[in-house]
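The structure under discussion appears below in the form of C-alpha coordinates.
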(Lines give C-alpha, C1' and ligand atoms only; values in the text may rest on other atoms or scores of the structure.)
Protein backbone atom coordinates (compact mmCIF):
# COMPACT_ATOMS: atom_id res chain seq x y z
CA UNK A 1 0.00 0.00 0.00
CA UNK A 2 1.50 3.30 -1.08
CA UNK A 3 2.14 5.82 1.67
CA UNK A 4 1.35 9.36 0.58
CA UNK A 5 3.13 12.50 1.70
CA UNK A 6 1.68 15.94 1.03
CA UNK A 7 4.55 18.13 -0.23
CA UNK A 8 3.23 21.01 -2.35
CA UNK A 9 0.23 22.56 -4.03
CA UNK A 10 -0.50 22.61 -7.75
CA UNK A 11 -0.93 26.39 -7.62
CA UNK A 12 2.57 26.80 -6.21
CA UNK A 13 4.13 24.43 -8.76
CA UNK A 14 2.34 26.18 -11.62
CA UNK A 15 4.25 29.33 -10.72
CA UNK A 16 7.61 27.83 -9.75
CA UNK A 17 7.63 24.95 -12.28
CA UNK A 18 10.02 22.99 -10.03
CA UNK A 19 10.56 22.39 -6.34
CA UNK A 20 12.89 20.34 -4.16
CA UNK A 21 11.27 18.46 -1.27
CA UNK A 22 12.25 15.64 1.05
CA UNK A 23 9.99 12.61 1.40
CA UNK A 24 10.87 10.22 4.22
CA UNK A 25 14.52 11.26 3.95
CA UNK A 26 14.56 10.91 0.15
CA UNK A 27 15.30 14.07 -1.86
CA UNK A 28 12.58 14.49 -4.47
CA UNK A 29 12.32 17.01 -7.31
CA UNK A 30 8.83 18.06 -8.34
CA UNK A 31 8.15 19.42 -11.80
CA UNK A 32 5.12 21.00 -13.42
CA UNK A 33 5.28 20.08 -17.11
CA UNK A 34 2.51 20.55 -19.67
CA UNK A 35 -0.18 20.62 -17.01
CA UNK A 36 1.04 17.57 -15.10
CA UNK A 37 3.01 17.14 -11.89
CA UNK A 38 5.97 14.76 -11.88
CA UNK A 39 8.22 13.58 -9.07
CA UNK A 40 11.73 12.25 -9.65
CA UNK A 41 14.61 11.53 -7.34
CA UNK A 42 16.38 14.88 -7.00
CA UNK A 43 19.89 13.42 -7.22
CA UNK A 44 20.95 12.79 -10.83
CA UNK A 45 22.03 9.19 -11.44
CA UNK A 46 24.94 10.48 -13.50
CA UNK A 47 26.99 12.75 -11.23
CA UNK A 48 24.74 13.47 -8.23
CA UNK A 49 23.66 17.00 -9.17
CA UNK A 50 20.22 18.32 -8.19
CA UNK A 51 17.65 17.91 -10.92
CA UNK A 52 15.51 20.50 -9.13
CA UNK A 53 18.10 23.09 -10.17
CA UNK A 54 17.80 22.02 -13.80
CA UNK A 55 15.75 23.30 -16.70
CA UNK A 56 12.52 22.03 -18.20
CA UNK A 57 12.81 21.94 -21.97
CA UNK A 58 10.32 20.53 -24.46
CA UNK A 59 8.77 18.29 -21.85
CA UNK A 60 12.07 16.92 -20.58
CA UNK A 61 13.94 17.57 -17.35
CA UNK A 62 17.52 18.69 -18.10
CA UNK A 63 20.11 18.13 -15.37
CA UNK A 64 22.19 21.27 -14.76
CA UNK A 65 25.37 19.27 -14.13
CA UNK A 66 26.00 17.67 -17.51
CA UNK A 67 22.82 18.24 -19.51
CA UNK A 68 21.41 14.73 -19.28
CA UNK A 69 17.77 14.89 -20.43
CA UNK A 70 15.18 12.79 -18.60
CA UNK A 71 11.68 11.77 -19.55
CA UNK A 72 9.73 12.82 -16.44
CA UNK A 73 7.21 10.01 -17.00
CA UNK A 74 9.69 7.11 -17.10
CA UNK A 75 12.94 8.60 -15.76
CA UNK A 76 14.75 7.37 -18.86
CA UNK A 77 17.62 9.56 -20.05
CA UNK A 78 18.09 10.42 -23.74
CA UNK A 79 20.93 8.40 -25.29
CA UNK A 80 22.27 7.21 -21.94
CA UNK A 81 22.03 4.11 -19.84
CA UNK A 82 20.31 3.86 -16.49
CA UNK A 83 17.07 5.30 -15.21
CA UNK A 84 16.28 8.13 -12.81
CA UNK A 85 13.83 6.91 -10.13
CA UNK A 86 10.34 8.36 -10.57
CA UNK A 87 7.67 8.51 -7.89
CA UNK A 88 3.91 8.33 -7.91
CA UNK A 89 2.06 11.63 -7.62
CA UNK A 90 -1.49 12.17 -6.42
CA UNK A 91 -3.41 15.45 -6.67
CA UNK A 92 -6.06 16.07 -4.05
CA UNK A 93 -9.30 17.91 -4.74
CA UNK A 94 -7.99 21.08 -3.15
CA UNK A 95 -4.88 20.93 -5.34
CA UNK A 96 -2.63 19.35 -2.74
CA UNK A 97 0.24 17.39 -4.30
CA UNK A 98 1.14 14.13 -2.58
CA UNK A 99 4.09 11.89 -3.40
CA UNK A 100 4.63 8.24 -2.65
CA UNK A 101 8.04 6.63 -2.83
CA UNK A 102 6.50 3.88 -4.94
CA UNK A 103 7.63 4.06 -8.55
CA UNK A 104 5.39 6.10 -10.83
CA UNK A 105 5.20 3.13 -13.19
CA UNK A 106 4.12 0.72 -10.43
CA UNK A 107 1.31 2.88 -9.09
CA UNK A 108 -0.11 4.16 -12.39
CA UNK B 1 22.92 1.56 -52.70
CA UNK B 2 23.32 -1.93 -51.30
CA UNK B 3 22.67 -2.33 -47.62
CA UNK B 4 25.66 -2.10 -45.30
CA UNK B 5 26.40 -5.48 -43.72
CA UNK B 6 29.78 -4.83 -42.13
CA UNK B 7 30.97 -1.78 -40.21
CA UNK B 8 34.55 -1.39 -39.00
CA UNK B 9 35.45 1.25 -36.43
CA UNK B 10 39.06 2.33 -36.04
CA UNK B 11 39.62 3.65 -32.54
CA UNK B 12 38.11 2.52 -29.25
CA UNK B 13 36.91 5.61 -27.42
CA UNK B 14 33.73 7.59 -26.95
CA UNK B 15 32.94 7.96 -30.66
CA UNK B 16 33.39 4.22 -31.28
CA UNK B 17 31.04 3.42 -28.40
CA UNK B 18 28.32 5.86 -29.37
CA UNK B 19 28.45 4.81 -33.02
CA UNK B 20 28.15 1.17 -31.98
CA UNK B 21 25.20 1.79 -29.69
CA UNK B 22 23.50 3.99 -32.29
CA UNK B 23 23.87 1.35 -35.01
CA UNK B 24 22.26 -1.29 -32.79
CA UNK B 25 19.58 1.10 -31.50
CA UNK B 26 18.64 1.84 -35.11
CA UNK B 27 18.15 -1.86 -35.75
CA UNK B 28 21.30 -2.53 -37.75
CA UNK B 29 21.94 -6.27 -37.44
CA UNK B 30 25.11 -6.64 -39.51
CA UNK B 31 28.56 -7.04 -38.07
CA UNK B 32 30.37 -4.37 -36.03
CA UNK B 33 34.10 -4.67 -35.43
CA UNK B 34 36.02 -2.19 -33.24
CA UNK B 35 39.82 -1.92 -33.45
CA UNK B 36 41.30 -0.03 -30.51
CA UNK B 37 45.05 0.29 -30.09
CA UNK B 38 44.93 0.48 -26.30
CA UNK B 39 44.98 -2.66 -24.15
CA UNK B 40 41.60 -1.67 -22.67
CA UNK B 41 38.09 -2.01 -23.99
CA UNK B 42 36.41 1.31 -24.88
CA UNK B 43 36.30 3.73 -21.99
CA UNK B 44 35.47 7.39 -21.51
CA UNK B 45 38.21 9.95 -21.03
CA UNK B 46 36.54 12.86 -19.14
CA UNK B 47 36.98 11.23 -15.69
CA UNK B 48 40.72 10.64 -16.29
CA UNK B 49 41.58 14.17 -15.20
CA UNK B 50 38.73 14.40 -12.67
CA UNK B 51 37.15 11.64 -10.54
CA UNK B 52 39.35 8.84 -11.82
CA UNK B 53 42.54 10.76 -11.12
CA UNK B 54 41.34 12.02 -7.76
CA UNK B 55 39.66 8.85 -6.49
CA UNK B 56 40.95 6.05 -8.70
CA UNK B 57 37.47 4.61 -9.07
CA UNK B 58 37.25 3.11 -12.54
CA UNK B 59 33.81 1.56 -12.17
CA UNK B 60 32.03 4.06 -14.39
CA UNK B 61 34.79 4.25 -16.95
CA UNK B 62 34.00 1.47 -19.37
CA UNK B 63 31.53 2.18 -22.14
CA UNK B 64 30.83 -1.18 -23.75
CA UNK B 65 30.83 -3.87 -21.08
CA UNK B 66 31.49 -7.44 -22.23
CA UNK B 67 27.99 -8.65 -21.49
CA UNK B 68 26.59 -5.83 -23.65
CA UNK B 69 28.87 -6.54 -26.62
CA UNK B 70 28.17 -10.27 -26.27
CA UNK B 71 24.41 -9.70 -26.29
CA UNK B 72 24.66 -7.22 -29.17
CA UNK B 73 27.19 -9.22 -31.17
CA UNK B 74 29.91 -6.56 -31.28
CA UNK B 75 33.48 -7.65 -31.89
CA UNK B 76 35.93 -5.59 -29.80
CA UNK B 77 39.64 -5.93 -30.58
CA UNK B 78 42.05 -4.39 -28.06
CA UNK B 79 45.77 -3.68 -28.63
CA UNK B 80 44.84 -3.80 -32.30
CA UNK B 81 46.60 -1.08 -34.24
CA UNK B 82 45.41 -0.47 -37.78
CA UNK B 83 48.47 0.17 -39.94
CA UNK B 84 46.93 0.79 -43.34
CA UNK B 85 43.62 1.63 -44.89
CA UNK B 86 42.60 1.05 -48.49
CA UNK B 87 39.75 3.49 -48.35
CA UNK B 88 38.29 2.79 -51.77
CA UNK B 89 38.27 -0.97 -51.21
CA UNK B 90 37.10 -0.75 -47.57
CA UNK B 91 40.06 -2.80 -46.36
CA UNK B 92 42.07 -2.41 -43.17
CA UNK B 93 45.48 -3.95 -42.49
CA UNK B 94 46.41 -4.57 -38.87
CA UNK B 95 49.80 -4.60 -37.21
CA UNK B 96 49.81 -8.39 -37.04
CA UNK B 97 49.25 -8.58 -40.78
CA UNK B 98 45.62 -9.62 -40.67
CA UNK B 99 43.11 -7.72 -42.77
CA UNK B 100 39.51 -6.73 -42.29
CA UNK B 101 36.96 -5.84 -44.92
CA UNK B 102 33.98 -3.54 -44.32
CA UNK B 103 31.17 -1.88 -46.26
CA UNK B 104 31.54 1.22 -44.09
CA UNK B 105 34.44 2.45 -41.99
CA UNK B 106 34.37 4.97 -39.15
CA UNK B 107 37.69 6.60 -38.30
CA UNK B 108 37.62 7.59 -34.64
CA UNK B 109 41.33 7.61 -33.94
CA UNK B 110 41.25 10.59 -31.58
CA UNK B 111 44.39 12.51 -30.74
CA UNK B 112 47.59 12.41 -28.76
CA UNK B 113 49.02 15.01 -26.39
CA UNK B 114 51.03 17.79 -27.94
CA UNK B 115 54.50 17.36 -26.48
CA UNK B 116 57.02 19.97 -25.49
CA UNK B 117 60.13 19.37 -27.57
CA UNK B 118 62.81 17.51 -25.65
CA UNK B 119 60.56 17.00 -22.64
CA UNK B 120 60.51 13.32 -21.72
CA UNK B 121 61.56 11.21 -18.77
CA UNK B 122 59.76 9.52 -15.91
CA UNK B 123 58.74 12.55 -13.83
CA UNK B 124 57.20 14.21 -16.90
CA UNK B 125 53.61 13.22 -17.56
CA UNK B 126 51.11 13.71 -20.34
CA UNK B 127 47.45 12.79 -19.89
CA UNK B 128 45.38 11.12 -22.55
CA UNK B 129 44.91 7.45 -21.71
CA UNK B 130 43.90 5.41 -18.70
CA UNK B 131 47.52 4.25 -18.46
CA UNK B 132 48.62 7.91 -18.35
CA UNK B 133 46.13 8.60 -15.54
CA UNK B 134 47.24 5.50 -13.59
CA UNK B 135 50.87 6.47 -13.81
CA UNK B 136 50.16 10.10 -12.87
CA UNK B 137 47.99 9.07 -9.96
CA UNK B 138 50.70 6.74 -8.66
CA UNK B 139 53.17 9.62 -8.60
CA UNK B 140 50.97 12.12 -6.74
CA UNK B 141 50.67 11.88 -2.98
CA UNK B 142 50.40 14.22 -0.01
CA UNK B 143 53.07 16.90 -0.21
CA UNK B 144 54.16 16.02 -3.76
CA UNK B 145 55.19 19.10 -5.69
CA UNK B 146 53.25 18.99 -8.94
CA UNK B 147 54.10 21.48 -11.69
CA UNK B 148 51.54 21.71 -14.47
CA UNK B 149 52.28 23.35 -17.80
CA UNK B 150 49.05 24.77 -19.26
CA UNK B 151 46.00 26.17 -17.41
CA UNK B 152 43.40 24.98 -19.91
CA UNK B 153 40.70 22.49 -18.94
CA UNK B 154 42.98 19.48 -18.58
CA UNK B 155 45.63 21.46 -16.69
CA UNK B 156 43.04 22.95 -14.32
CA UNK B 157 41.29 19.62 -13.73
CA UNK B 158 44.59 17.87 -13.03
CA UNK B 159 45.45 20.71 -10.63
CA UNK B 160 42.11 20.28 -8.87
CA UNK B 161 42.53 16.50 -8.58
CA UNK B 162 46.17 16.79 -7.45
CA UNK B 163 45.12 19.23 -4.71
CA UNK B 164 42.52 16.78 -3.49
CA UNK B 165 45.31 14.18 -3.25
CA UNK B 166 47.21 16.55 -0.97
CA UNK B 167 49.78 17.81 -3.46
CA UNK B 168 51.31 21.28 -3.71
CA UNK B 169 50.33 22.51 -7.12
CA UNK B 170 51.91 25.10 -9.40
CA UNK B 171 50.31 25.87 -12.77
CA UNK B 172 52.18 27.72 -15.50
CA UNK B 173 50.20 29.48 -18.20
CA UNK B 174 51.63 31.38 -21.15
CA UNK B 175 48.58 33.65 -21.57
CA UNK B 176 47.60 36.44 -19.18
CA UNK B 177 44.66 34.44 -17.80
CA UNK B 178 43.49 30.84 -18.24
CA UNK B 179 41.27 30.19 -21.28
CA UNK B 180 41.93 33.71 -22.54
CA UNK B 181 41.54 32.79 -26.20
CA UNK B 182 38.13 31.15 -25.61
CA UNK B 183 36.61 33.33 -22.90
CA UNK B 184 38.47 36.62 -22.96
CA UNK B 185 40.17 38.61 -20.24
CA UNK B 186 37.36 39.12 -17.72
CA UNK B 187 36.02 35.55 -17.54
CA UNK B 188 39.52 34.09 -17.75
CA UNK B 189 40.30 36.11 -14.64
CA UNK B 190 37.37 34.45 -12.86
CA UNK B 191 38.81 31.06 -13.82
CA UNK B 192 42.18 32.18 -12.42
CA UNK B 193 40.37 33.20 -9.24
CA UNK B 194 38.91 29.75 -8.57
CA UNK B 195 42.38 28.22 -8.98
CA UNK B 196 44.10 30.70 -6.68
CA UNK B 197 41.37 30.52 -4.04
CA UNK B 198 41.86 26.76 -3.97
CA UNK B 199 45.57 27.30 -3.25
CA UNK B 200 47.03 26.71 -6.68
CA UNK B 201 50.18 28.72 -7.30
CA UNK B 202 49.02 29.97 -10.70
CA UNK B 203 51.69 31.79 -12.72
CA UNK B 204 50.23 33.50 -15.76
CA UNK B 205 52.04 35.24 -18.60
CA UNK B 206 54.92 32.84 -18.04
CA UNK B 207 56.68 30.97 -20.85
CA UNK B 208 58.30 27.57 -20.41
CA UNK B 209 61.82 27.31 -21.81
CA UNK B 210 62.79 23.83 -20.73
CA UNK B 211 61.75 20.94 -18.54
CA UNK B 212 64.57 18.72 -17.28
CA UNK B 213 65.35 16.07 -14.69
CA UNK B 214 67.83 17.02 -11.99
CA UNK B 215 68.48 14.13 -9.67
CA UNK B 216 65.18 13.30 -7.98
CA UNK B 217 63.64 16.57 -9.10
CA UNK B 218 62.05 17.87 -12.22
CA UNK B 219 62.94 21.46 -13.04
CA UNK B 220 60.73 23.63 -15.19
CA UNK B 221 62.74 26.57 -16.49
CA UNK B 222 60.44 29.49 -17.15
CA UNK B 223 60.66 33.13 -18.14
CA UNK B 224 59.99 33.70 -14.44
CA UNK B 225 62.86 31.51 -13.25
CA UNK B 226 63.14 27.80 -12.43
CA UNK B 227 60.31 25.92 -10.69
CA UNK B 228 61.34 22.71 -8.95
CA UNK B 229 58.92 19.84 -8.49
CA UNK B 230 58.60 16.09 -8.06
CA UNK B 231 56.23 15.67 -10.97
CA UNK B 232 55.59 17.73 -14.10
CA UNK B 233 52.42 17.46 -16.16
CA UNK B 234 52.36 18.93 -19.65
CA UNK B 235 48.81 19.81 -20.72
CA UNK B 236 49.07 21.96 -23.82
CA UNK B 237 46.49 20.37 -26.10
CA UNK B 238 46.37 17.46 -28.50
CA UNK B 239 47.27 16.65 -32.08
CA UNK B 240 44.82 14.68 -34.24
CA UNK B 241 45.75 11.08 -35.12
CA UNK B 242 45.21 11.63 -38.82
CA UNK B 243 48.21 9.75 -40.26
CA UNK B 244 46.26 6.61 -41.24
CA UNK B 245 43.73 8.70 -43.13
CA UNK B 246 46.40 10.85 -44.71
CA UNK B 247 48.41 7.85 -45.94
CA UNK B 248 45.29 6.39 -47.51
CA UNK B 249 44.67 9.54 -49.53
CA UNK B 250 41.81 11.07 -47.55
CA UNK B 251 41.69 14.86 -47.41
CA UNK B 252 43.21 15.99 -44.11
CA UNK B 253 44.40 19.25 -42.57
CA UNK B 254 44.21 19.76 -38.82
CA UNK B 255 42.27 16.49 -38.67
CA UNK B 256 40.35 14.43 -41.17
CA UNK B 257 38.07 16.62 -43.23
CA UNK B 258 34.40 15.64 -43.07
CA UNK B 259 31.19 17.31 -44.16
CA UNK B 260 28.13 17.87 -41.98
CA UNK B 261 27.20 14.21 -42.48
CA UNK B 262 30.60 13.20 -41.06
CA UNK B 263 31.61 11.80 -44.47
CA UNK B 264 35.28 11.97 -45.45
CA UNK B 265 36.43 12.63 -49.01
CA UNK B 266 36.03 8.89 -49.78
CA UNK B 267 32.55 7.34 -49.96
CA UNK B 268 31.67 4.93 -47.14
CA UNK B 269 34.48 6.25 -44.95
CA UNK B 270 33.39 8.46 -42.04
CA UNK B 271 35.22 10.22 -39.23
CA UNK B 272 34.08 11.44 -35.81
CA UNK B 273 35.43 12.85 -32.58
CA UNK B 274 38.71 14.58 -31.79
CA UNK B 275 40.21 13.60 -35.15
CA UNK B 276 37.39 14.97 -37.30
CA UNK B 277 37.56 18.44 -38.80
CA UNK B 278 33.97 19.19 -39.71
CA UNK B 279 32.32 21.81 -41.83
CA UNK B 280 29.76 23.14 -39.36
CA UNK B 281 26.44 24.25 -40.89
CA UNK B 282 25.56 26.63 -38.06
CA UNK B 283 28.88 28.45 -38.25
CA UNK B 284 29.82 28.00 -41.89
CA UNK B 285 33.43 27.16 -41.04
CA UNK B 286 35.55 24.06 -40.49
CA UNK B 287 36.23 23.15 -36.89
CA UNK B 288 38.00 20.36 -35.09
CA UNK B 289 36.51 20.11 -31.63
CA UNK B 290 38.14 18.17 -28.80
CA UNK B 291 35.17 17.53 -26.57
CA UNK B 292 33.20 14.53 -25.40
CA UNK B 293 29.78 15.79 -26.50
CA UNK B 294 31.01 16.57 -30.00
CA UNK B 295 32.47 13.06 -30.28
CA UNK B 296 29.14 11.60 -29.19
CA UNK B 297 27.10 13.75 -31.57
CA UNK B 298 29.34 13.17 -34.59
CA UNK B 299 29.47 9.44 -33.92
CA UNK B 300 25.67 9.23 -33.78
CA UNK B 301 25.44 11.25 -37.00
CA UNK B 302 27.99 9.01 -38.75
CA UNK B 303 26.17 5.87 -37.61
CA UNK B 304 22.85 7.19 -38.90
CA UNK B 305 24.34 8.11 -42.26
CA UNK B 306 26.05 4.71 -42.54
CA UNK B 307 22.54 3.26 -42.33
CA UNK B 308 21.24 5.66 -44.98
CA UNK B 309 19.40 7.89 -42.51
CA UNK B 310 20.36 11.38 -43.65
CA UNK B 311 21.43 13.21 -40.49
CA UNK B 312 23.46 16.38 -40.09
CA UNK B 313 25.82 17.30 -37.30
CA UNK B 314 24.72 20.86 -36.66
CA UNK B 315 24.22 21.33 -32.93
CA UNK B 316 26.14 24.08 -31.18
CA UNK B 317 29.17 22.62 -29.44
CA UNK B 318 28.92 22.01 -25.73
CA UNK B 319 31.49 21.15 -23.11
CA UNK B 320 31.89 21.15 -19.38
CA UNK B 321 34.56 21.04 -16.75
CA UNK B 322 34.35 20.21 -13.06
CA UNK B 323 37.19 21.84 -11.16
CA UNK B 324 37.75 23.13 -7.63
CA UNK B 325 34.13 22.36 -6.79
CA UNK B 326 32.84 24.57 -9.59
CA UNK B 327 30.83 23.31 -12.57
CA UNK B 328 31.81 25.14 -15.77
CA UNK B 329 29.85 24.77 -18.99
CA UNK B 330 30.09 26.40 -22.38
CA UNK B 331 27.84 26.12 -25.39
CA UNK B 332 28.46 27.62 -28.83
CA UNK B 333 31.49 29.61 -29.89
CA UNK B 334 32.37 32.71 -27.85
CA UNK B 335 34.97 33.90 -30.37
CA UNK B 336 34.05 36.79 -32.69
CA UNK B 337 31.29 38.04 -30.42
CA UNK B 338 30.84 41.80 -30.12
CA UNK B 339 28.97 41.97 -26.83
CA UNK B 340 28.94 40.02 -23.57
CA UNK B 341 25.91 40.13 -21.25
CA UNK B 342 26.31 38.87 -17.70
CA UNK B 343 23.53 37.10 -15.84
CA UNK B 344 24.27 36.43 -12.18
CA UNK B 345 27.30 37.22 -10.13
CA UNK B 346 30.97 36.76 -11.06
CA UNK B 347 32.19 37.08 -7.47
CA UNK B 348 30.10 34.21 -6.15
CA UNK B 349 30.80 32.12 -9.27
CA UNK B 350 27.14 31.82 -10.02
CA UNK B 351 26.69 33.32 -13.46
CA UNK B 352 26.16 32.84 -17.15
CA UNK B 353 27.86 35.06 -19.73
CA UNK B 354 26.02 35.37 -23.02
CA UNK B 355 28.17 36.13 -26.06
CA UNK B 356 26.32 38.06 -28.75
CA UNK B 357 27.15 38.80 -32.35
CA UNK B 358 25.07 41.57 -33.92
CA UNK B 359 22.46 41.01 -31.23
CA UNK B 360 22.13 37.26 -31.74
CA UNK B 361 23.24 34.79 -29.08
CA UNK B 362 26.31 32.91 -30.30
CA UNK B 363 27.53 31.29 -27.10
CA UNK B 364 27.09 31.05 -23.35
CA UNK B 365 29.55 30.23 -20.59
CA UNK B 366 28.39 29.50 -17.08
CA UNK B 367 29.66 28.70 -13.64
CA UNK B 368 27.20 26.67 -11.58
CA UNK B 369 24.24 27.70 -13.77
CA UNK B 370 23.85 24.71 -16.04
CA UNK B 371 20.10 25.32 -16.26
CA UNK B 372 20.84 28.50 -18.27
CA UNK B 373 23.03 26.48 -20.62
CA UNK B 374 20.16 24.13 -21.52
CA UNK B 375 18.08 27.10 -22.69
CA UNK B 376 21.04 28.90 -24.26
CA UNK B 377 21.71 25.92 -26.48
CA UNK B 378 18.23 26.28 -27.97
CA UNK B 379 18.54 30.04 -28.34
CA UNK B 380 21.86 29.63 -30.18
CA UNK B 381 20.42 27.02 -32.53
CA UNK B 382 17.55 29.36 -33.35
CA UNK B 383 19.86 32.33 -33.83
CA UNK B 384 17.59 34.16 -31.40
CA UNK B 385 17.85 37.77 -30.29
CA UNK B 386 16.81 38.24 -26.68
CA UNK B 387 16.60 41.66 -25.02
CA UNK B 388 19.75 42.28 -22.99
CA UNK B 389 17.64 43.21 -19.98
CA UNK B 390 16.05 39.75 -20.01
CA UNK B 391 19.39 37.98 -20.29
CA UNK B 392 20.89 40.06 -17.49
CA UNK B 393 17.99 39.71 -15.03
CA UNK B 394 18.03 36.47 -13.05
CA UNK B 395 14.40 37.12 -12.07
CA UNK B 396 13.38 36.83 -15.72
CA UNK B 397 12.74 33.27 -16.85
CA UNK B 398 14.96 32.42 -19.81
CA UNK B 399 12.51 29.80 -20.93
CA UNK B 400 9.92 32.52 -21.49
CA UNK B 401 12.46 34.23 -23.75
CA UNK B 402 12.82 30.98 -25.65
CA UNK B 403 9.08 30.70 -26.12
CA UNK B 404 8.90 34.26 -27.43
CA UNK B 405 11.94 33.95 -29.70
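The values are calculated or read from the model by the stated rules, or taken from the named source; none is laboratory data. Keep in mind the model is a prediction, meaning the values are calculated, not measured. Note that each Cβ is placed from the backbone with ideal geometry, even for glycine, and that neighbours are counted across all protein chains shown.
Computed quantities for the displayed model
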read-out: Residue ID - nearest to residue A:80 (Cα to Cα), chosen from residues in the stretch B:14-34 that are away from chain A (no Cβ under 14 Å) and surrounded by fewer than 24 Cβ atoms within 10 Å (Cβ to Cβ); value: B:27
read-out: Only listed residue being without any contact (Cβ under 8 Å) to a residue 12 or more places away in the chain and away from every other protein chain (no Cβ under 14 Å), chosen from A:93, A:76, A:6, A:102; value: A:93
read-out: Within the stretch B:326-364, considering residues that are free of Cβ contacts under 8 Å to residues at least 12 places away in the same chain and under 21 Å from residue B:153 (Cα atoms), the one nearest to the other protein chains (Cβ to nearest Cβ); value: B:348
read-out: Filter result for residue B:293 (within 14 Å of chain A (Cβ to nearest Cβ) and either touching a helix residue (DSSP H, G or I) at 6+ places or on another chain (Cβ under 9 Å) or closer than 21 Å to residue B:111 by Cβ (or both)); value: yes
read-out: Selected residue (criterion: nearest to the other protein chains (Cβ to nearest Cβ)) from residues of the stretch A:38-49 that are surrounded by fewer than 21 Cβ atoms within 10 Å (Cβ to Cβ) and at pLDDT 95 or above; value: A:43
read-out: Spans of helices (runs of 4 or more DSSP H) in the stretch B:148-247 with at least 3 residues in contact with a strand residue (DSSP E or B) (Cβ under 6 Å, 6 or more places away or on another chain); value: B:153-164, B:185-197, B:243-247
read-out: Filtered residue count, the stretch B:396-405, keeping only those that are surrounded by fewer than 16 Cβ atoms within 10 Å (Cβ to Cβ) and either within 21 Å of residue B:337 (Cβ to Cβ) or more than 13 Å from chain A (Cβ to nearest Cβ) (or both); value: 3
read-out: Matching option when the condition is within 10 Å of chain B (Cβ to nearest Cβ) and either surrounded by fewer than 21 Cβ atoms within 10 Å (Cβ to Cβ) or more than 17 Å from residue B:398 (Cα to Cα) (or both), among A:19, A:53; value: A:53
read-out: Residue tally, condition within 20 Å of the chain's Cα centre (by Cα) and surrounded by fewer than 20 Cβ atoms within 10 Å (Cβ to Cβ), over the stretch B:237-251; value: 4
read-out: Per-region count, the stretch B:316-352, residues under 20 Å from the mean Cα position of the chain (by Cα) and not in a loop (DSSP other than H, G, I, E, B); value: 13
read-out: Residue ranges of strands (runs of 3 or more DSSP E) in the stretch A:1-79 with at least 2 members farther than 30 Å from residue B:17 by Cα and touching a strand residue (DSSP E or B) at 6+ places or on another chain (Cβ under 9 Å); value: A:5-9, A:18-23, A:26-33, A:36-41
read-out: Tally, over the stretch B:119-129, of residues that are more than 19 Å from residue B:153 (Cα to Cα) and touching a strand residue (DSSP E or B) at 6+ places or on another chain (Cβ under 7 Å); value: 3
read-out: Members of the stretch B:252-277 found to be over 13 Å from the mean Cα position of the chain (by Cα), within 21 Å of residue B:152 (Cβ to Cβ) and in a strand (DSSP E or B), listed by number; value: B:277
read-out: Residue in the stretch B:305-315 that is part of a helix (DSSP H, G or I) and either within 14 Å of chain A (Cβ to nearest Cβ) or in contact (Cβ under 8 Å) with a residue 60 or more places away in the chain (or both) present; value: yes
read-out: Some residue of the stretch B:53-61 being over 19 Å from residue B:15 (Cβ atoms), outside any loop (DSSP other than H, G, I, E, B) and free of Cβ contacts under 8 Å to residues at least 24 places away in the same chain; value: yes
